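Colleague: My questions will all concern the structure given below.
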Amino acid sequence: MSQRVQGVIARAKGAPVTIETITVPDPGPGEAVVKVQACGVCHTDLHYREGGINDEFPFLLGHEAAGVVESVGEGVSEVAPGDFVILNWRAVCGQCRACLRGRPQYCFNTHNAKQKMTLADGTELTPALGIGAFAEKTLVAAGQCTKVNPAASPAAAGLLGCGVMAGIGAALNTGGVGRGDSVAVIGCGGVGNAAVVGAALAGAAKVIAVDIDDKKLETARSLGATHTVNSRATDPVEAVRRLTGGFGADVVIEAVGRPETYEQAFYARDLAGTVVLVGVPTPEMRIDLPLLDVFGRGGSLKSSWYGDCLPSRDFPMLIDLYLQGRLDLDAFVTETIALDEVEKAFERMHHGDVLRSVVVR
């Protein structure tokens, strides 16, 4: 039978979130109910609250999560009750043109649970990114559950569900960073610093972190950056070129999502270098680049969706690296908080002094 649990709800654009009772139905065919153990507070959740994603209020927020499968519906074989899982928001379909061409990380038909979670009065909820994990339990498509080693800390593991995977994947998967490469990362929040980690994991010779905040740059250095540039005081394009023999970086990862920082990334790369956009822009943003420069500099201009990750491949591998002490996911957990502290965590985001606040149960 359905269950009633507590969840974090955004009822209207810009309004403070509230803790309310929600109804989680029993899982139907292809679905699973997950007992949430940890969920990171991501900027995307704040974008939902601010109406920046869509206007399908009320939202059940939270999506960067790990937990234990409690029950599964008919036909589910990929996970079973008791499995420790990381939730993902790109459950691949296996049938679309991307999947059939062997590129499931680009799946064009990702799916969520068919049934709706509701408020106590029956109002249907829109779960953030099809997950809704700021709750004691949530209903998802079984394909959104990726089984990983249960020895991992839920607070650290859950971060692979969004921000940390986006950054690491931008370097490893989208940017194709290789041994000896030079890499610049513009924007050193959670995603940008994860890109720094990804570049270091790949064996980059130089990892140049660029930001306007010295605290974030200190964190980037602790996570593997070999050089830092405060772009409030120094022209970042000139600084990156100076640090790379006058040429520019092989790969530049833009983790801000603004036209001015994208232009910096474009000109801070070497000839035939790669620019990776992983920062998320807003709909009204535009960029104006001379077409001759786009042609003349060669290389690749890429955007990175979720770090171009394939959860079934990447999550277990990265958790293994974490358990071996080779990937410090714990460094991204700035603080652990309770479910009723999410609104305060949104406020702390504006001060830039947290990589991740994580709700734990």
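The values are calculated or read from the model by the stated rules, or taken from the named source; none is laboratory data. Being a predicted model, the structure only gives us computed values, none of them experimental. Quick reminder, even Gly has a Cβ in these numbers, built from the backbone with ideal geometry, and neighbours come from all protein chains shown. Only protein heavy atoms, including side chains, enter the accessible area calculation; ligands, DNA and RNA are left aside. Shrake-Rupley method; radii C 1.70, N 1.55, O 1.52, S 1.80 Å.
Colleague: Could you check how many residues of the stretch 263-298 are aromatic (F, W, Y) and open to solvent by less than 50 Å² (accessible area, probe 1.4 Å)?
Modeller: Residues flagged as aromatic (F, W, Y) and open to solvent by less than 50 Å² (accessible area, probe 1.4 Å) within the stretch 263-298 amount to 2.
Colleague: To continue, here is another question. On the basis of being open to solvent by 60 Å² or more (accessible area, probe 1.4 Å) and assigned to a helix (DSSP H, G or I), does L301 make the cut?
Modeller: no
Colleague: Further question on the same structure: Quick check, is G51 without any contact (Cβ under 8 Å) to a residue 60 or more places away in the chain, assigned to a loop (DSSP other than H, G, I, E, B) and under 30 Å from F332 (Cβ atoms)?
Modeller: Criteria met by G51.
Colleague: Pairs please, first residue from the stretch 194-207 and farther than 8 Å from V177 by Cα, second anywhere and open to solvent by 10 Å² or more (accessible area, probe 1.4 Å) and part of a helix (DSSP H, G or I), Cβ atoms under 6 Å, 6+ apart in sequence or on different chains.
Modeller: Every condition considered, the pairs that remain are G198/L172; V207/A200.
Colleague: Name the residue that is surrounded by the fewest Cβ atoms within 10 Å (Cβ to Cβ), counting only residues in the stretch 199-212 that are under 19 Å from V237 (Cβ atoms) and not hydrophobic (A, V, I, L, M, F, W, C).
Modeller: K206
Colleague: Can you confirm whether the stretch 158-173 contains a residue that is in contact with a helix residue (DSSP H, G or I) (Cβ under 9 Å, 6 or more places away or on another chain), open to solvent by 10 Å² or more (accessible area, probe 1.4 Å), farther than 26 Å from A113 by Cα and in contact (Cβ under 8 Å) with a residue 24 or more places away in the chain?
Modeller: yes
Colleague: I'm trying to understand the selection: among the residues of the stretch 214-242, which are open to solvent by 40 Å² or more (accessible area, probe 1.4 Å) and part of a helix (DSSP H, G or I)?
Modeller: Keep residues of the stretch 214-242 that are open to solvent by 40 Å² or more (accessible area, probe 1.4 Å), which gives 214-216, 218-219, 221-222, 226-228, 232-235, 238, 241-242.
D214, K215, K216, E218, T219, R221, S222, E238, R241, R242, listed by residue number.
Colleague: For the stretch 55-78, name all the residues that are in a loop (DSSP other than H, G, I, E, B) and either open to solvent by less than 50 Å² (accessible area, probe 1.4 Å) or modelled with pLDDT of 95 or more (or both).
Modeller: E56, F57, P58, L61, G62, H63, G73, E74, G75, V76, S77
Colleague: Residue check: is L46 of a type outside the set (S, T, Y), open to solvent by 30 Å² or more (accessible area, probe 1.4 Å), within 27 Å of S303 (Cβ to Cβ) and under 16 Å from the mean Cα position of the chain (by Cα)? If you could, list the steps in order and put the result at the bottom.
Modeller: Values: of a type outside the set (S, T, Y): yes; open to solvent by 30 Å² or more (accessible area, probe 1.4 Å): no; within 27 Å of S303 (Cβ to Cβ): yes; under 16 Å from the mean Cα position of the chain (by Cα): yes.
In short, no.
Colleague: Among the residues of the stretch 188-200, are any over 21 Å from the mean Cα position of the chain (by Cα) and not charged (D, E, K, R)?
Modeller: Taking every residue of the stretch 188-200 in turn, none turns out to be over 21 Å from the mean Cα position of the chain (by Cα) and not charged (D, E, K, R).
Colleague: Going by the structure shown, is G178 open to solvent by 10 Å² or more (accessible area, probe 1.4 Å) and at pLDDT 95 or above?
Modeller: Against the criterion (open to solvent by 10 Å² or more (accessible area, probe 1.4 Å) and at pLDDT 95 or above), G178 qualifies.
Colleague: Filter the stretch 3-51 down to residues that are of a type in the set (G, A, S) and modelled with pLDDT under 95, then give me how many there are.
Modeller: Restricting attention to the stretch 3-51, the residues satisfying the condition of being of a type in the set (G, A, S) are 7, 10, 12, 14-15, 28, 30, 32, 38, 40, 51.
Checking the rest, the ones that are also modelled with pLDDT under 95 come to 14, 51.
Qualifying residue count, the stretch 3-51: 2.
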